[in-house]
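Encoded as structure tokens, the structure appears first; notes follow it.
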Amino acid sequence: MTRYYTDLVPDFPDPATWNVAHVLRHHARVRPDRVFLITPEEERRWTYGETLATAERVAGGLTAAGGVAGDRVLVMAANSSRFVFTWLGCGLAGLVEAPVNTAYEGEFLRHQVELAGPRFAVIDDVYAERFLAMGAAADVIEHFFLIDTGHADAALRALRAAGRRADDWDVLTAAEPVAPPEPAANTLASIFFTSGTTGPSKGVAMPHAQMYFFGQEVVSLTRLTAADTYLTVTPLFHGNAQFMAAYPALIAGAGLVVRPKFSASRWIDQVRADGVTVTNFIGVMMDFVWKQPRRDDDADNPLRAVFAAPTASSVLAAFKRRFGIEAFVEVFGLTETSAPILSPYGVDRPAGAAGLQVADWFDIRLVDPDTDEEVPVGEIGELVVRPKHPWTCSLGYHGMPDKTVEAWRNLWFHTGDALRRDEEGWYYFVDRYKDALRRRGENISSYEVEQAILGHPAVLEVSVLGVKAEIEAGEDEVLAVVVAAEPVDAEELWRFCEGRIPAFAVPRFIRFVDALPKTPSEKIRKSVLRDEGVTPDTGDRTAAPVD
């Protein structure tokens, strides 16, 4: 008999209240003295009452700067309390948050600025130069608010000298608080960017209801309550931290610990220090923790549940015993669709299984990607999704109606991901039909990396693809296969990539060939390159460090 995930029951049953303003105000009223936000590196903590008061001042500051409902606010910052309050302040004021990866610069950053069209930008001071380097492309931004990381004075002077309006972020919290009406659940809350696959990255337009619902799924998945404390160490500009950690904690009335980065060696000590009961892993994080030296007191901690995507199945049972963890849970979903596949809490699942269909909330199928015909059980097909309830999926791609229509052809969202389902109803991720890569928790657009490398005058053609990482759950390493028009070596291309693409996207491997394999229609046959993989003549950046 086919099994389904049936545990999802919203904490806030009225979908009209699915917005961050309602949820925050509710908990500030019901549990004003319960600590919500903890930022250990800042040595600060805020109760729900204090969180609401601060968020209302940030909303007031943005409103006083001229912000009106629907204006976009670009956020480019490392994890901090100010990032959290910017997110909450935008939600209260009806502004649209557009988080950007802090590794982005050059064409990557320019594209996302042009796509989002932000009126305001909240950035760490160290990123000011990247916007100045964009020239006229940054003109859409009327006002910068700088988070001081030790360089604010110089960054403010540079922006103002260039004719940009800029202030310290703290002017927002000095403003008069505002408490406008709650935004409608179906209105735009956030724009989260995809990595890009066959083209430039797309901005996923997430309504308030979807942001809430995604968080609610994690509440259900981890059995999160007001008695819990959730630790996130992944970047808040990713959904993994914001709507799959911070928002779930808010919905449940729980505590939220935000740290700026992951440390495998300090992880268990941080769990103990802050009384963490729930946390999440992405990519290689679980493997890195597992490989730390064992301690006699590893299991002496309050941790109850770990949300891991993906789960390193080969060490799962031993990991749970070593650290005394009750449950590991997993999902399969996308920013565009929320998570139509969840794993039941405390239920042993087959190795490699991501979970079961959330049948009360989603229809899903596995189909032939060429025909959209459903494939038989056990066979590999493309996952397609459609919601059963309004506003639990995205509104489409911001400013890209053609891409929205393409993705929703035949009235199903096409994920581009290959999965299979067994007779019992468990779903297993197999591979990506699309050319997106994922390295150590970061999504990478092969297209955008290819475009950057093609900027080198010696490069005639290039194909970028993923090759299997050497450790479980390590996802991909990046390989660039290059056709050169004139002499060039791998070291020169690695140096060329620096500053043009994010550091995590710089190919580890570079191989030179005389010609790329192609179809009769001149499309590159990446499957052939994947089969060839890393050959003896491939340059390895880890073996040949760049000066």
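Looking only at residues of the range 330-355 that are in a loop (DSSP other than H, G, I, E, B) and in contact with a Cys (Cβ under 9 Å, 6 or more places away or on another chain), we find that the one that is farthest from Tyr427 (Cα to Cα) is Glu336.
Scanning the range 108-152 for residues that are acidic (Asp, Glu) and either closer than 18 Å to Ser201 by Cβ or not assigned by TED's automatic domain parsing to the domain that holds Cys90 (or both) gives a single hit, Glu114.
The set of residues in the range 476-504 that are assigned to a strand (DSSP E or B) and over 12 Å from Ile444 (Cβ atoms) comprises Val481, Val482, Val483, Ala484, Glu498. Within the range 142-157, does at least one residue satisfy the condition of being at pLDDT 95 or above, among the basic types (Lys, Arg) and surrounded by 17 or more Cβ atoms within 10 Å (Cβ to Cβ)? No; the residues of the range 142-157 include none that is at pLDDT 95 or above, among the basic types (Lys, Arg) and surrounded by 17 or more Cβ atoms within 10 Å (Cβ to Cβ). Scanning the range 379-426 for residues that are of a type in the set (Ser, Thr, Tyr) and either in contact (Cβ under 8 Å) with a residue 40 or more places away in the chain or assigned to a loop (DSSP other than H, G, I, E, B) (or both) returns Thr392, Ser394, Tyr397, Thr415. Can you name every residue in the range 254-285 that is of a type in the set (Gly, Ala, Ser) and touching a strand residue (DSSP E or B) at 6+ places or on another chain (Cβ under 8 Å)? Correct list: Ala254, Gly255, Gly275, Gly283. Look at the range 213-236: where a residue is not assigned by TED's automatic domain parsing to the domain that holds Ile268, no partner that is surrounded by fewer than 22 Cβ atoms within 10 Å (Cβ to Cβ) and of a type in the set (Lys, Arg) sits 6+ places away or on another chain with Cβ atoms under 6 Å.
Is there a residue being in contact with a strand residue (DSSP E or B) (Cβ under 7 Å, 6 or more places away or on another chain), among the small types (Gly, Ala, Ser) and closer than 30 Å to Glu107 by Cβ anywhere in the range 375-390? No; the residues of the range 375-390 include none that is in contact with a strand residue (DSSP E or B) (Cβ under 7 Å, 6 or more places away or on another chain), among the small types (Gly, Ala, Ser) and closer than 30 Å to Glu107 by Cβ.
Candidates Leu37, Leu88, Leu52: the one that is touching a helix residue (DSSP H, G or I) at 6+ places or on another chain (Cβ under 9 Å), buried (at least 22 other Cβ atoms within 10 Å of the Cβ) and part of a strand (DSSP E or B) is Leu37.
Residues are listed down the side, and each one gets a yes or a no for (1) touching a Pro at 6+ places or on another chain (Cβ under 7 Å); (2) aliphatic (A, V, I, L, M); (3) buried (at least 23 other Cβ atoms within 10 Å of the Cβ); (4) at pLDDT below 95:
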residue	(1), (2), (3), (4)
Val329	no, yes, yes, no
Ser343	no, no, yes, no
Val347	no, yes, no, yes
Ala351	no, yes, no, yes
Gly355	no, no, yes, no
Pro369	no, no, no, yes
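Scanning the range 380-394 for residues that are more than 18 Å from Gln210 (Cα to Cα) and either of a type outside the set (A, V, I, L, M, F, W, C) or in contact with a Gly (Cβ under 7 Å, 6 or more places away or on another chain) (or both) turns up at least one hit.
One line per residue, one yes/no per condition, for (1) at pLDDT 95 or above; (2) outside any loop (DSSP other than H, G, I, E, B); (3) among the small types (Gly, Ala, Ser):
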site	(1), (2), (3)
Leu256	yes, yes, no
Gly275	yes, no, yes
Phe288	no, yes, no
Asp296	yes, no, no
Pro302	yes, no, no
Val306	yes, yes, no
Ser314	no, yes, yes
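The values are calculated or read from the model by the stated rules, or taken from the named source; none is laboratory data. Note that the coordinates shown come from a computational prediction; the quantities given were computed from them, not determined experimentally. Because the Cβ atoms are built from the backbone with ideal geometry, glycine has one as well, and the counts that use them run over all protein chains shown.
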